[in-house]
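These notes are about the structure you will find just below.
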Amino acid sequence: MSKKINLPKIIHDPNKMNLETVRQKNKKKKIVFIPTMGALHEGHLSLIKKGKKIKGLTIVSIFVNPIQFNDINDLKKYPNTLKKDIENLRQLKVDYLFLPNVEKIFPNNFETTVSINNLQKFLCGKNRPGHFNGVSTIVLKLFNIISPNVAIFGKKDFQQLTIVKKMVEDLNMNIKILEGSIIRESNGLAMSSRNKLLSPKNFHKASNIYKGLKYIKDEYKKGEKSSKKLIKKLEKYYIQSEIRNIDYIEIFDPLTLHSIKYVKKGAIIAIAVKIGAVRLIDNLKF
Ligand code: AMP
């Protein structure tokens, strides 16, 4: 009779997770890691499927990291669909789910953080002070607990991806970072756990975020290269679509995140807007 294995194996304790990965690495297993904050959607699942293609052990973490939230209400409202998440991980045959408690990750006497100098000054970092230090700190901690060979991040959080790649380089971490494409709803809206918080009307309105980005890419293809003019056009498009609460629209170099005056191939346009109380981000490569 074949032995029934219940996957994913759920581990709450960081030390146990660490012992388990060390044991597996001693057996020459390649560790593939996908960090998430849960409320899994097709965007997360696409990263996991990418990971499963690599022959190795897949570990997904679900941890809503309190130190990357600068708005306590945003943290309190963050969706939780754990039962469904576990079912999704089971179907994808994920080997381990690392599901730590906040107290185990950030005990009261916790005091060391990673500090990102420049890359956090742009885009989302401008209006979310401390956010990317919080992200880098948790990513480094998770990397230390899990010691993956490969870790996978989505391009949807472009600045986060850039910062993680830089941290890995700067701190000589022997981890290969893979990138997953942005997965979208059928109306074009980039999938996000926060989409669950949108009313049907706002969900529809939010589809204009991506439509606007594509419109700007078309304008660029037709010959407009000035970032300033393209951004003005996009602002106008959004106002007409009743998207008024724009946090930023930036066109920038993908490595340095510095704004550029004239668009060239490979540059990124990224935006953050609030629709109702929900903050949404998206980006597109020229
Ligand atoms: P989160 O749970 O929001 O922290 O996201 C966990 C990982 O999933 C991050 O690497 C995100 O960039 C990635 N991700 C989130 N949304 C999407 C999406 N729509 N398409 C691809 N990757 C995504």
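The values are calculated or read from the model by the stated rules, or taken from the named source; none is laboratory data. Only a predicted model underlies this, so the values are computations on that prediction, with no experimental measurement involved. Ideal geometry is used to build each Cβ from the backbone, glycine not excepted, and the neighbour counts take in all protein chains shown. All accessible areas refer to the heavy atoms of the entire protein, side chains included, with ligands and DNA or RNA removed. Shrake-Rupley method; radii C 1.70, N 1.55, O 1.52, S 1.80 Å.
Quick notes on this structure:
- Accessible-area value, Met17, 1.4 Å probe, nucleic acids and ligands omitted, Å²: 0
- With Cα atoms, 0 to 90° folded angle of helix 227-240 axis to the chain main axis: 90
- The residue list Asn88, Ser147, Asn127 was ranked by how far each Cα lies along the charge dipole of the chain toward its positive end, using unit charges on Cβ atoms, and Asn88 comes out on top.
- In sequence order, calculated HN-Hα J values of segment 37-50 (Karplus, 6.51, -1.76, 1.60; Hz; x Gly/Pro): 10, x, 6, 5, 10, 4, x, 4, 5, 5, 5, 5, 4, 4
- Normalised per residue, the accessible area of the chain is 53 Å², obtained with a 1.4 Å probe and no contribution from ligands, DNA or RNA.
- Greater than 19 Å apart at Cα, pairs in Lys50/Lys217; Lys52/Lys196; Lys156/Lys274; Lys49/Lys155; Lys53/Lys83; Lys28/Lys104: Lys50/Lys217; Lys52/Lys196; Lys53/Lys83; Lys28/Lys104
- Computed accessible area, Thr112, all protein chains, 1.4 angstrom probe, square angstrom: 100
- Taken along its three principal axes, the alpha carbon spread of segment 114-173 comes to 32, 22, 16 Å, from the longest extent down to the shortest.
- Accessible area ranking (1.4 Å probe, heavy atoms, ligands and nucleic acids excluded), largest first, for Asp71, Asp170: Asp170, Asp71.
- What the pair-distance distribution of segment 67-152 shows, using all Cα-Cα distances binned every 10 Å from zero, is 13, 36, 38, 12, 0 percent.
- Put Phe122, Phe153, Phe110 in order of accessible area, highest first, and with a 1.4 Å probe you get Phe110, Phe122, Phe153.
- Which of Ser193, Ser147 is most accessible, then next, and so on - probe 1.4 Å: Ser147, Ser193
- The share of accessible area on segment 193-285 that comes from carbon and sulfur is 54 percent, using a 1.4 angstrom probe.
- A Stokes-Einstein calculation at 4 °C with viscosity 1.567 mPa s, built on the Kirkwood radius of segment 9-180 over Cα pairs, returns a diffusion coefficient of 79 µm²/s.
- Area of Arg23 that stays accessible when all protein chains are in place (1.4 Å probe, Å², to 10): 110
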